[in-house]
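Take a look at the structure below.
The values are calculated or read from the model by the stated rules, or taken from the named source; none is laboratory data. Owing to the predicted nature of the structure, the values given are computational and were not obtained by experimental measurement. Positions of Cβ are generated from backbone atoms using ideal geometry, with glycine treated the same way; all protein chains shown enter the neighbour counts. When the accessible area is computed, the model is the full protein with side chains, heavy atoms only, and any ligands, DNA or RNA have been set aside. Shrake-Rupley method; radii C 1.70, N 1.55, O 1.52, S 1.80 Å.
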Amino acid sequence: MDNTNAIVAEGLVKRFGDTTALDGVDLTVPTGTVLGLLGPNGAGKTTAVRILATLIRPDAGHAVVGGHDLAGQPHEVRGLIGLTGQYASVDETLTGTENLLMIGRLLGLTRGAARARAAELLDRFELTEAAGRAAGKYSGGMRRRLDLAAGLVGRPRLLYLDEPTTGLDPRSRNEVWDIVRGLVADGVTVLLTTQYLDEADQLADAIVVIDHGRVIATGTPAALKSRVGAQTVSVRPADAGETALIREALGRVAAGPVDVSGDVVRAPVSDPGALAKLVRDLDEHGLAVAELALRSPSLDEVFLSLTGARS
C-alpha cells in the first residue's frame, strides 16, 4: 500500500456516446492534502470524481485509491471515501439528526453508535440547535453543512467535494472553507472540484486544470500564477494632476506597457526590486500617492490564459 499518495490515477478515459468526457487524465493526490480540480463547465471534473467514487467505470485507465485498486476492489474503496456533490442531497423531510442516523444505519453502525456519531457531527458543524428541525427548513448554508456532515458519518479517509459551495453566500462559503481546513488538519485527504478560483487559492495545496477532458496544467497555486508572467504595480496619485508624471515614473521600471484607467496607473514589472526603485523615484520627484500596490497574477487570470474561458 502506498501511504504517500491517497489517489493515483493514470490514463483515465470515459466516453458517453460520441462525447469523450475524459481523454487520458492522470491525477496524483498526496495523503493529507487538498487537490483542486479546475476546469470550465463540461471539462470532465465531475466525471473524474464519479469514476474515483466507483459510481461509473472508466473505459480505459487505472486508479488506486487509498491503496486499493479501483476496478478490482471497489467495495474497499467505498469504505474509505465520502462524497459531497454539487447540491445538498439530504432528505428535507427528515430532521438533521434523522438524516445522519439513517446514513449511519445504512453504513452498518448500531443504533447507539449511529446516534452518538450524529450528535458528534451536529455539534462539530454547529447544527445542534437545529438538530430536531426538518432539513427543508434549514438555510442553504445549514443544508450544505449537514450534507458535509453526512459525508463524514463513516469517518472517511478521503473526501470528494464536487463544487461544495455552489449557490452559497460569502459567509456560508467561508464556513465551509473553515470546515475543510479542519478536516485536512485531522488527516483527511480532499479532492475538490470548484468553479471558484478564490476557493482553490484558499484551500488547495496543488491544482490540476483540465479542459476538454485533458489535463492542461498542474502545480501549486503560486507556480501556476508564475506561468502567467509579471506582477503588476498599481499607483493612485494623491493629486490627479500628477498622473502623467507618475506614468513616466512607472514607465522607468515597467516590463511592459503602462496603462491608465480612471485615476489608477498600472504596469507589469519583472524586476524584484521594481517597487523599491519606484518608491525612491517618486520620492525624489516629490510625487505623492494615495495608493500603491504590487500584486501577483490571480488564479482567474491563470484560468483564462490556460483555457481561454471564464470559470
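Entry comment: accessible area of segment 220-295 is 56 Å² per residue, from protein heavy atoms only and a probe of 1.4 Å. Under 5 Å between amide hydrogens, built in the peptide plane, is the criterion, and for G24 it picks out L12, V13, K14 among residues at least 5 positions away or on other chains.
With a cut-off of 12 Å between beta carbons, the residues surrounding A53 carry a summed charge of +2, where Lys and Arg count +1 and Asp and Glu -1. Evaluated with a Cβ-only charge set (Lys, Arg +1; Asp, Glu -1), the chain carries a dipole of roughly 940 debye about its Cα centre, given to the nearest 20. How much length is gained on full extension from D123 to T110, taking 0.36 nm per residue of separation minus their Cα-Cα distance? Result: 2.7 nm gained on full extension. In order along segment 32-48, the phi-based Karplus estimate (6.51 cos²θ - 1.76 cosθ + 1.60, θ = phi - 60°) of 3J(HN,Hα) comes to x, 10, 10, 9, x, 9, 10, x, x, 4, x, 6, x, 4, 5, 4, 4 Hz; Gly and Pro are listed as x. Distant-in-sequence amide contacts of I56, defined by a placed amide H-H separation under 5 Å and a gap of 5 or more residues or a different chain, comprise I51.
Can you tell me which of 15-22, 90-97 comes out highest on packing, and rank the rest after it, using the mean Cβ neighbours within 10 Å?
Working: 15-22: 13.6, 90-97: 17.6.
Result, highest mean first: 90-97, 15-22.
Suppose all protein chains stay in the model; what accessible area per residue would a 1.4 Å probe give for segment 53-172, in Å²? Let's see the in-between values first.
Numbers: 5950 Å² over 120 residues.
Each residue of segment 53-172 exposes 50 Å² on average to a 1.4 Å probe.
Of all the accessible heavy-atom surface of segment 1-140, with the other protein chains kept in place and a 1.4 Å probe, what percent is carbon and sulfur? Let's see the in-between values first.
Numbers: 3510 of 7060 Å².
Carbon and sulfur atoms account for 50 percent of the accessible area of segment 1-140.
The aspartates and glutamates within cross-link reach of K225, meaning a Cα-to-Cα straight distance under 18 Å and a gap of 8 or more places when in the same chain, are D198, E199, D201, D205, D211, D271, D300, E301.
With R₀ set to 25 Å, the beta-carbon distance separating R181 from R295 gives a calculated FRET efficiency near 0.55. Between A288 and I216, the C-beta separation translates, for a Förster distance of 41 Å, into a calculated FRET efficiency of about 0.35. Applied to segment 130-135, the Karplus parametrisation 6.51 cos²θ - 1.76 cosθ + 1.60 on θ = phi - 60° returns per-residue 3J(HN,Hα) values of 9, 4, x, 9, 4, 4 Hz, with x for Gly and Pro. Expressed as a whole percent, the accessible area of segment 168-311 that falls on carbon and sulfur atoms is 49 (1.4 Å probe). For segment 273-307 versus segment 77-97, the inter-centroid distance based on Cα atoms is 45 Å.
In this simple spin-label model, placing a label point 7 Å from the Cα along the Cα-to-Cβ direction at both V13 and S305 gives a separation of 3.3 nm. With R₀ set to 51 Å, the beta-carbon distance separating D259 from R155 gives a calculated FRET efficiency near 0.45. Helix content alone sets the calculated 222 nm mean residue ellipticity of the chain: runs of n ≥ 4 DSSP H residues at -39500 (n - 2.57) each, divided across all residues, give -10500 deg cm²/dmol.
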